[in-house]
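**Student:** One structure is given below, represented as structure tokens, and several questions about it will come after.
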Amino acid sequence: MVERIHKLDTIFASLSDPTRRDILARVRERNMSVGTIAGHYKMSLAAVAKHLAVLERAGLVHKTRQGKEQVVTINPKALAAANEYLETYRQLWEKRLDSLDSFIKTSKQ
């Protein structure tokens, strides 16, 4: 249980940065080399590499070597864990909003 909470903390912390969310959106579309990813940002290659390291520690991406390049791919399983956690809250709010909707409808009558 503690390990799972730590993993979720790591995932959500890594998603808290807009650059990392943008990197994830880019590699969601297709696998990209580190250099290609870095070309999209006005920051050093080292800065992009640090963002990628955070995403990799969270398990959101994998890096593999293909020849001279390191290629980044998304790991949907890590996002599934975060989605599973958030799903319980979505269900809670749907129930509450449905109750509010029923209350409003009966109050108008």
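**Student:** Across the chain, how many lysine pairs separated by 8 or more positions, or lying on different chains, have Cα atoms within less than 29 Å?
**Tutor:** Lysine pairs satisfying the spacing and distance rule in the chain number 15.
**Student:** For the chain, set up a GNM with springs between Cα atoms under 10 Å and report which of Glu94, Glu56, Glu84 has the largest fluctuation.
**Tutor:** Glu94
**Student:** How much area per residue is accessible in the chain when the probe is 1.4 Å and only protein heavy atoms are counted (Å²)?
**Tutor:** Working: 7810 Å² over 109 residues.
Result: 72 Å² per residue.
**Student:** Check each of the chymotrypsin sites (Phe, Trp or Tyr not before Pro) in the range 1-98 and keep only those in coil by DSSP with at most 16 other C-beta atoms within 10 angstrom; list them in order. Can you show the working numbers first?
**Tutor:** Details: sites: Phe12, Tyr41, Tyr85, Tyr89, Trp93; in loops: Tyr41.
Sites meeting the loop and neighbour criteria: Tyr41.
**Student:** In addition: State the percentage of accessible surface on the chain attributable to carbon and sulfur atoms; use a 1.4 Å probe and exclude ligands, DNA and RNA. Please report the intermediate quantities before stating the final value.
**Tutor:** Working: 4410 of 7810 Å².
Using a 1.4 Å probe with all protein chains present, the chain comes out at 57 percent carbon and sulfur.
**Student:** Next question, about the same structure. Please list, by residue number, every one of the trypsin sites (Lys or Arg not before Pro) in the range 1-108 that is coil in DSSP and has at most 14 other beta-carbon atoms within 10 Å.
**Tutor:** Of the trypsin sites (Lys or Arg not before Pro), the ones in loops of the range 1-108 whose Cβ has at most 14 other Cβ atoms within 10 Å are Arg30, Lys42, Lys68.
**Student:** Whole-Hz ³J(HN,Hα) for each residue in the range 22-35, computed from phi via Karplus 6.51 cos²θ - 1.76 cosθ + 1.60 with θ = phi - 60°, x for glycine and proline: what do you get?
**Tutor:** Whole-Hz 3J(HN,Hα) from phi for the range 22-35: 5, 4, 4, 4, 5, 7, 5, 6, 6, 5, 9, 6, 4, x.
The values are calculated or read from the model by the stated rules, or taken from the named source; none is laboratory data. This structure is a prediction, so every number in the text was calculated from the model and none was measured. Here Cβ is always computed from backbone atoms with ideal geometry, including for glycine, and neighbour counts include all displayed protein chains. Only protein heavy atoms, including side chains, enter the accessible area calculation; ligands, DNA and RNA are left aside. Shrake-Rupley method; radii C 1.70, N 1.55, O 1.52, S 1.80 Å.
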